[in-house]
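Bear in mind that the values in this text are calculations on the coordinates, not laboratory data. Since the model is a prediction, treat every value here as computed from it, not as a measurement. As a convention, Cβ positions derive from the backbone with ideal geometry for all residues, glycine included, and neighbour counts pool all protein chains shown.
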Amino acid sequence: MESISRKSQKLIHCKVSNQEGENSIRLIEIEVFKMWEHLLRTRHQMQISEPQLCLWISETAYDDNAEIFDHAGEVKNVDLIEVHIFDVEYGFTHTIERYSLAPETEQVVLTISAHIPEALEGQYDLEVVPGYIIIQKPSDKERRPMILGLTY
């Protein structure tokens, strides 16, 4: 049985619209959401809408506790993409995590891989961890912005 807290992450599920009106869904760690949102709005002139708090958990943790999670809210298949890069100079590994709707994971992996410099060939590992997000059920609209710091 896998611990829920060992492989879980609070995310913001939101819609991103570019200047051409194209929309996509992004899943951003709650700790960096406000900074990420600011950069997309100010540097890339993108619009962020429909933010929803959700919890990502691994497929194993979900399966172990399905009787609880099946009633917790809307569930979507979302993969965790981990890139482990070994830094030869300092002798440690740095891990970068991204989340992707399962049907889009293959494309996201290709995009991430294309951004890794050839100089790092053989010094990184890319792992996909299947999982789910449970989207928070709607709550009192007056409390939500205060708790999350979101104003939409």
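Assorted remarks:
- For the chain, the relative contact order works out to 27 percent when only alpha carbon pairs closer than 8 Å and six or more residues apart are counted.
- Note on the chain: Cα-Cα pairs beyond 24 Å make up 42% of the total pair count.
- The range 8-138, dipole about Cα centre (Lys/Arg Cβ +1, Asp/Glu Cβ -1), debye to the nearest 20: 760 debye
- Which of PHE92, ALA72, ALA61, positive extreme of dipole for the range 8-138 (C-beta unit charges): ALA72
- Comparing the range 1-74 with the 2.2 N^0.38 Å rule of thumb, its C-alpha radius of gyration ratio is 1.34 (two decimals).
- Label-to-label distance, ARG41 versus LEU126, with points set 7 angstrom from Cα along the beta-carbon direction: 3.2 nm.
- Counting lysine pairs in the chain whose alpha carbons fall under 18 angstrom apart, excluding pairs fewer than 8 residues apart on the same chain, gives 8.
- Neighbourhood charge, 12 Å Cβ-Cβ cut-off, centred on ALA102 and excluding it, Lys, Arg +1 and Asp, Glu -1: -3
- Here is the list for the range 75-118: chymotrypsin sites (Phe, Trp or Tyr not before Pro) lying in DSSP coil, each with at most 16 other C-beta atoms within 10 angstrom of its C-beta, are TYR90.
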